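These notes concern the structure reproduced below.
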C-alpha cells in the first residue's frame, strides 16, 4: 500500500476518529484506524464495536492495500506535517512509513484482517433530514442525558416519531428533563421510539457541526442507527430497553408563571452560583410581585444576592434549584424572554419560550 494525500484531508478523517477509538481497551486494535487505499481513493474507518465511522477521501494511490495504525499518533504526526501533502507506505511486518517533505516517520501498524467488521445496515430505510434542525435538537437535549452508568436506559436520548411528520427528542437524568419537538419529514418506519446512546449522539453532533447545511440521511434498523452525508457513513448500536414514561414528569401548566429576560436571568444565576455550595450549585429563588430574587449562601465564603424585574403577580414563593441545571437550559433557548412555571417549593420548575412549548425543560427543586 502506498498513497499521497492532502494533509488536511487525512487530518479531517483522523480528527473524526479521535472521539471513537478506545485508548484504554483490552483490544489494542480498537485504538487504531483502518486505512484502505483503492483506485477510487482512501477510506478511513474508526470503530469501537458500538460506533463506527467510514470516511472517504481523494488521494493519489500508487499501490492499493490496507493497514491499521494508531489514530492518535498518526493524527499528531499529520497535524505537524511541514508540507501540504503526506505519503503513507506500508512496509514489511505492517510497519507504516509516513513522509512529508524532510520529515520521515516509521510507526508500528497491525494487520488489517484483524480489524473488526462494521455491521452492515442495508435494511435501514434512509430518510433525508435537515442537518440544522437535527443539530438544534441534539444541542437542546444533550445536557440532560444521564452519566450514571447504572441507569443505562437514561444514558441516551429518546428519539420518538410523532403525528404530522414530527420527531420528539427527550433526555432526562432523573433531576431534569429536556424535550424538543420539530418537523423531520419522512417515514423512519419506527413502531416506537429508540434510544440513541450518549457517545453516538455526541459524535453525530460533531459530524453535523462540520457542515449543518450538507445533505444528510438518517435511518434505523432493529438495533442500529445509520447516518450518511457525502463521503461519510456512521453506524451505531442503539440502547436496548424501554425509555421511562417521561410524560408523567412534565407538570401541567404551573400555578405561578413568571416571564423573565432570558440573558439577565442567565447572568444572574451564574453570578450568584459563584458563592453556592461547591458540588450542589444550590441557589434559592424568591418570587414576589414583579420581582425575582436569587440568593446563595456558603458558610466558608459568604453570601450573594441578585434582584431581577419580572412580570409576575401572585403569592410569594421560595424554592431552591441547582443553578447549573437552570443555566444549561437558558444557554440554549433562542428567545429573548423565558417563561418560568412554578407550583410550590416541592414541585418541579418548567422553562420554555413565551407561547411555545415545543422546547420544554423540567428541573426538579432541591432543599436549600
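The values are calculated or read from the model by the stated rules, or taken from the named source; none is laboratory data. Small disclaimer: the values here were computed from a predicted structure and weren't measured. Ideal geometry is used to build each Cβ from the backbone, glycine not excepted, and the neighbour counts take in all protein chains shown.
Before moving on, here are some points about what is shown:
- The residues of region 250-263 that are in contact (Cβ under 8 Å) with a residue 24 or more places away in the chain and not in a helix (DSSP H, G or I), listed by number, are 250, 251, 253, 254, 255, 256, 257, 258, 259, 260, 261.
- Residues being surrounded by 20 or more Cβ atoms within 10 Å (Cβ to Cβ) and part of a loop (DSSP other than H, G, I, E, B) - total across region 18-39: 2
- Between 361, 335, the distinction of being loosely packed, with under 15 Cβ neighbours inside 10 Å, touching a residue at least 40 places away in the same chain (Cβ under 8 Å) and under 26 Å from the mean Cα position of the chain (by Cα) belongs to 335 only.
- With respect to being in contact with a strand residue (DSSP E or B) (Cβ under 7 Å, 6 or more places away or on another chain) and either free of Cβ contacts under 8 Å to residues at least 40 places away in the same chain or within 30 Å of residue 280 (Cβ to Cβ) (or both), residue 180 fits the description.
- Strands (runs of 3 or more DSSP E) (entirely within region 52-93) containing at least 1 residues that are under 25 Å from the mean Cα position of the chain (by Cα) and more than 24 Å from residue 204 (Cβ to Cβ): 65-70
- Given (1) under 15 Å from residue 337 (Cα atoms); (2) in contact with a strand residue (DSSP E or B) (Cβ under 7 Å, 6 or more places away or on another chain); (3) at pLDDT 95 or above, number of the condition residue 266 does not satisfy: (2)
- Annotation: residue 147 fulfils all but one of (1) within 25 Å of residue 50 (Cβ to Cβ); (2) free of Cβ contacts under 8 Å to residues at least 60 places away in the same chain; (3) touching a strand residue (DSSP E or B) at 6+ places or on another chain (Cβ under 9 Å); the unmet one is (3).
- Tally of residues being touching a helix residue (DSSP H, G or I) at 6+ places or on another chain (Cβ under 8 Å) and in contact (Cβ under 8 Å) with a residue 60 or more places away in the chain across region 264-289: 5
- Hits in region 317-339 - residues which are touching a helix residue (DSSP H, G or I) at 6+ places or on another chain (Cβ under 8 Å) and assigned to a strand (DSSP E or B): 337, 338
- Hits in region 149-170 - residues which are within 20 Å of residue 187 (Cβ to Cβ) and either out of contact with any helix residue (DSSP H, G or I) (no Cβ under 6 Å at 6 or more places or on another chain) or modelled with pLDDT under 95 (or both): 158, 159, 160, 161, 162, 163, 164, 165, 166, 167, 168
- Filter pass, residue 46 being crowded, with 21+ Cβ neighbours inside 10 Å, modelled with pLDDT of 95 or more and outside any helix (DSSP H, G or I): yes
- Yes/no for residue 292 being touching a residue at least 24 places away in the same chain (Cβ under 8 Å), touching a helix residue (DSSP H, G or I) at 6+ places or on another chain (Cβ under 9 Å) and assigned to a helix (DSSP H, G or I): no
- Flag if residue 247 is on the phi < 0 side of the Ramachandran plot, surrounded by fewer than 20 Cβ atoms within 10 Å (Cβ to Cβ) and assigned to a helix (DSSP H, G or I): yes
- Residues that are in contact with a helix residue (DSSP H, G or I) (Cβ under 8 Å, 6 or more places away or on another chain) and not in a loop (DSSP other than H, G, I, E, B) were ranked within region 110-131; the one that is nearest to residue 172 (Cα to Cα) is 131.
- Reported count of residues in region 1-16, each being under 22 Å from residue 91 (Cβ atoms) and outside any loop (DSSP other than H, G, I, E, B), is 8.
- Enumeration of residues in region 310-332 that are modelled with pLDDT under 95 and surrounded by fewer than 16 Cβ atoms within 10 Å (Cβ to Cβ): 311, 313, 314, 315, 316
- Only strands (runs of 3 or more DSSP E) whose full extent lies in region 171-244 are considered here, and the ones with at least 2 residues that are more than 30 Å from residue 10 (Cα to Cα) and modelled with pLDDT of 95 or more are 176-183, 194-197.
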